[in-house]
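The block underneath contains the structure these notes are about, expressed in structure tokens.
Throughout, read-outs are computed from the coordinates displayed, never taken from laboratory work. Quick caveat, the model's predicted, so the values are computed rather than measured. Cβ: placed from backbone, ideal geometry, glycine included. Neighbour counts: every protein chain shown.
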Amino acid sequence: MKIGIVGLGVVGLATGVVLAEQGHKIIGVDIDQNKVKGLECKRSPIYEPGLQEMLERYFHNFTFTTDYGLLFNTDLVFITVSTPTIDGKIYLGYVFDVAKRLRDVLKRNDAIVVIKSTVVPGTARKVKEIVKNDVVSNPEFLREGSAILDTKNPDRIVIGSENKEAGDLVENLWKFTNAPVIRATWEEAEMIKYAANSFLAVKISFINEIANVCEKLKDCDVTVIAKAIGMDKRISPYFLNAGIGWGGSCFPKDTQAIVSFARDLGEELKIVEAAIKVNNERIKRVVSMLKGFIKEGNVCVLGVAFKPNTDDTRESVALKLIKTLKSEGYKVVAYDPKAITNEAKMVGLDECIRIADVVIIATEWDEFKGLEEKLRGKFVIDGRRILDPSKMEKEKFKAVGLGE
Ligand code: UDX
């Protein structure tokens, strides 16, 4: 098929390369000229495992452009633009702008418009009113850092449609993944995405609260608790890693968006609100651990990205931690294998540890695993539970969810 993808961020690019691999012709549209220019030279604008390689391998199936006009004879067009939360509410302006542009280019074409961007319930219905073409809601559940893998091997495919044939066509497109398919209404499909992200955020905040209690106990380690409860199939072991909190381009904005969306409907999402509150208090706890070691001096923050295997620092808790430490008067140096920031002096890993009085692990990159020996002599705070406490010097080591 000839497939348009509007919005070349991580979701758009991952969707594009995976469908290009399936032999489809992809027209990638973005308003960012530099991004398009780079992509025309086979340069991925972001770091995402496998993306650069896939882009090069299937380049013959791609056209990158800022010109919507090239979408005129597509079979379907994905909307993968961002849906930021502004002043606590979802901003749908980019989605509606795309819809208006598509209405103009698809005039004589019955291409199906597929919404992959995360949008509050009711949005597909509004997009349909604008474009008039068939609209399918097909939310994305990919995680940054494993975006391509997740796109190829999703746990499920959700297809929200009003017109059955349009839904069938999108379902067929993803058949190669062999994933179970949930057919739903537009509103259900849109709600599924928010329910999934909110639930995962709640799960992490839950284990983080349990971690708080563990820290107050003698000989109590949250990782043991998480491992044991995770063996209960009803709970499952995933998203039970206690840490300095959840960040990234999705959880913070999506939890806020659904809370305010529900409030407008007269409903309070008390549990999601509590999860946000718990998350906002994570940094304070790390700072208080730090103050237990030193009141001033040099701090090395290992990890700047919001999670490993990405260079994305959007809503990164590591970055927020750096800002807080600076405002508390500490001198901060940082190291990350991929991400960069102007908020701290970025140095090499060895240099970062050498300068530091205290080392804080803020992102669980593989490179930071097994650093126990190298960290000897330093105060260390493990914010992501990747170090082995038994290999650390007792008086110089603290970790999230680890009791005295
Ligand atoms: C998330 C969802 O997982 C994905 O399905 C959706 O499509 C987009 O949002 P992403 O933001 O890329 O994906 O990363 P994810 O792996 O979910 O991590 C989000 C945050 O939670 C990160 O800051 C991560 O460090 C944190 N996290 C995750 C924990 O603190 N503990 C965990 O156990 C898991």
> What order, most packed first, do the peptides 206-213, 235-242 have when packing is the mean number of other Cβ atoms within 10 Å of each residue?
Replying inline: 206-213, 235-242
> Stretch Lys25-Thr185 to full length: gain in nm at 0.36 nm per residue minus the Cα-Cα span?
Replying inline: 54.8 nm
> How do the peptides 225-233, 383-391, 39-47 rank, highest first, by the average count of neighbouring beta carbon atoms within 10 Å per residue?
Replying inline: 383-391, 39-47, 225-233
>> Restricting to DSSP H runs of at least four residues, report the calculated mean residue ellipticity at 222 nm for the chain, -39500 (n - 2.57) per run over all residues, nearest 500 deg cm²/dmol.
In response: -12000 deg cm²/dmol
>> Quick one: 3J(HN,Hα) in Hz for segment 43-50, Karplus 6.51/-1.76/1.60 with θ = phi - 60°, rounded, Gly and Pro as x.
In response: 9, 6, x, 10, 8, 8, x, x
>> Based only on Cα atoms, what mean projected area does the convex hull of segment 98-187 have, in nm²?
In response: 6.0 nm²
> Normalised by the residues of segment 1-148, what does the relative contact order come to in percent, with Cα pairs under 8 Å and at least six apart?
Replying inline: 26 percent
>> I need the shape label for segment 169-285. Rule: rounded when a/c is under 1.5, else prolate if a/b > b/c, else oblate, with a, b, c from the alpha carbon gyration tensor.
In response: oblate
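Decide, for segment 1-107, between rounded, prolate and oblate: order the square roots of the alpha carbon gyration tensor eigenvalues as a ≥ b ≥ c, take rounded if a/c falls under 1.5, and otherwise choose prolate if a/b is larger than b/c, else oblate. Mind showing how you got there, number by number?
On the way: a/c = 1.88, a/b = 1.24, b/c = 1.51.
Verdict is oblate for segment 1-107.
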>> How much length would be gained if the chain were fully extended between Ile235 and Lys132, taking 0.36 nm per residue of separation minus their Cα-Cα distance, in nm to one decimal?
In response: 32.8 nm
>> Can you find, among Pro180, Tyr194, Ala226, the residue sitting farthest towards the positive end of the charge dipole of segment 172-233, where Lys and Arg contribute +1 and Asp and Glu -1 at Cβ?
In response: Pro180
> If each residue's Cβ is checked for other Cβ atoms within 10 Å, how do Glu372, Glu328 rank with the fewest at the top?
Replying inline: Glu328, Glu372
>> Could you list Asp264, Asp382 so that the one with the fewest beta carbons within 10 Å of its beta carbon is first and the one with the most is last?
In response: Asp264, Asp382
> Is the chain rounded, prolate or oblate when judged by the Cα gyration tensor, a ≥ b ≥ c being the square roots of its eigenvalues, rounded requiring a/c under 1.5 and prolate requiring a/b larger than b/c?
Replying inline: prolate
>> Quick check: the distance between the Cα centres of segment 129-149 and segment 86-122, to the nearest angstrom?
In response: 11 Å
> What residues qualify as long-range amide H neighbours of Val77, i.e. H under 5 Å apart, gap of 5 or more or another chain, H built at 1.01 Å from N?
Replying inline: Gly4, Ile112, Val113, Val114
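Going through the cross-link list Lys152/Lys326; Lys126/Lys152; Lys218/Lys291; Lys233/Lys323; Lys277/Lys307; Lys42/Lys331, which pairs have a Cα-Cα distance over 31 Å in this structure? Display every interim value, and only then the final one.
Numbers: Lys152/Lys326 41 Å; Lys126/Lys152 29 Å; Lys218/Lys291 20 Å; Lys233/Lys323 39 Å; Lys277/Lys307 20 Å; Lys42/Lys331 39 Å.
Beyond 31 Å between Cα atoms: Lys152/Lys326; Lys233/Lys323; Lys42/Lys331.
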